[in-house]
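One structure is given here, and the rest of the page talks about it.
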Amino acid sequence: MAQKSVPFFNYSGIYTQNRNEFIKIFDEVCSRGAFILQRDVEELERNLAEFIGVKHVITVANGTDGLIIALRAAGLKPGDEVIMPSHTYVATAASVHLLGGVPVLVECGADHMVDPVAMEKAITPKTKFLMPVQVNGRTCNMDAIMGLAKKHNLKVVEDAAQALGSKFKGKSAGTFGVAAMYSFYPAKLLGCFGDGGALVTNDDAVAREMKLWRDHGRDEKGEVAGWGMNSRLDNVQAALLNFKLQNFPKEIERRREIAKMYQTELGSLSQITLPPAPGTGDHFDVYQNYELEADRRDELKNSLKENGIGTIIQWAGKAVHQLTALKLQRSLPVTEKMTARFLMLPMHQLLTDDDVQYVCTHIRKFYGQ
Ligand SMILES: *Cc1c(COP(=O)(O)O)cnc(C)c1O
């Protein structure tokens, strides 16, 4: 097989794919002088609300700000404990910490999603929130998590940074709890050309609070109704995202096709454990990432690299409780075992069938198949 290059992600390709349209949009928006909170932001918020099936969308400057604003609007107070998986990005825990809350890190289950049983075990009188992370483009079993929340009188804020378009039992990630965040970081499912994010809620009061928080506490009349911050999504990013959103359902379909190919080509290898296949059970997965578990993980990664294939170990191979500088250490053997085996294969809408075959051939070869 001829050597080729299959990078993990194609940042410039995302731009060059529709370069002329993007230049036109940039030029049109800038010529209008529409830079901050203009009609493109409103249009994006409306379009996203329709796509997700939620009442309110409030765009923000980035997902991390979004989590802080969402937790604050949902009523997080200093000292409140928030239960979340340790297999997540540091931002999930940081948003709680920065508000004076306490992130409580728990195990994940076989599908890499937070384990509801571990969540329940971690509940104390100080617990106020459950914070499921819809990681890798999959939505958690939200029946279990919402059941726990009801039983113990807790609020749910979802970190749906990686899950725009994902569903559980036909309901979109982000629409189960009080509020949720999606990220538009360039490598996310719907990426912009820099940082960006969005908050969603069906609660009018929470929506109002989040909207105030992202713009210095200013209301519709421009009067300061309370404390706030500056976390507005650039209007030009909103205009570019409006364009990208049109093709987004097709991109999700492509990701699901690629996941199916990986499943077909690699499903029989005993040395690796694949993520759930598309179309299984109650989950509609959109494959933000294709994260598998592999024997001899580091050797496999190197071997693929030698063959021009880019892979990534998510979050540099560390769950949040393993980030020693944050002092959140605890014993989470299931997560630790998985973290040592996790590897993400190339997964994005620009991959060709040949690219995917090339990756699979080299993985099979590595394991002597
Ligand atoms: C990307 C991500 C975030 C943070 O989003 P930003 O837009 O980069 O601030 C938070 N949580 C998870 C799970 C993420 O993947």
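Observations, loosely collected:
- Exactly one residue out of Asn289, Asn247 is within 26 Å of Gly63 (Cβ to Cβ) and open to solvent by 50 Å² or more (accessible area, probe 1.4 Å), and it is Asn247.
- Answer residue from the range 192-218, given it is more than 17 Å from Asp40 (Cβ to Cβ) and assigned to a strand (DSSP E or B) and is most open to solvent (accessible area, probe 1.4 Å) among those: Arg218
- Any hit, the range 251-265, residues being closer than 22 Å to Glu43 by Cα, outside any strand (DSSP E or B) and not aliphatic (A, V, I, L, M): yes
- Selection of the range 47-71 for residues being within 16 Å of the ligand (Cβ to nearest atom), more than 24 Å from Gly101 (Cβ to Cβ) and open to solvent by 10 Å² or more (accessible area, probe 1.4 Å) yields only Val57.
- Residue match in the range 180-189 (condition: of a type in the set (A, V, I, L, M, F, W, C) and surrounded by fewer than 20 Cβ atoms within 10 Å (Cβ to Cβ)): yes
- For Val96, the stated conditions hold: it is of a type in the set (A, V, I, L, M, F, W, C), within 30 Å of Arg46 (Cα to Cα), at pLDDT 95 or above and in contact with an Asp or Glu (Cβ under 9 Å, 6 or more places away or on another chain).
- Residue in the range 119-132 that is within 16 Å of the ligand (Cβ to nearest atom), touching a strand residue (DSSP E or B) at 6+ places or on another chain (Cβ under 7 Å) and under 23 Å from Phe193 (Cα atoms) present: no
- Subset tally (residues that are more than 23 Å from His112 (Cβ to Cβ), touching a strand residue (DSSP E or B) at 6+ places or on another chain (Cβ under 8 Å) and part of a helix (DSSP H, G or I)) for the range 72-96: 1
The values are calculated or read from the model by the stated rules, or taken from the named source; none is laboratory data. Computed from a prediction, not measured in an experiment: that's the story for all the values here. Every residue, glycine among them, receives a Cβ derived from its backbone with ideal geometry; neighbour counts consider all protein chains shown. Surface accessibility is based on the protein's heavy atoms, side chains included, excluding ligands, DNA and RNA. Shrake-Rupley method; radii C 1.70, N 1.55, O 1.52, S 1.80 Å.
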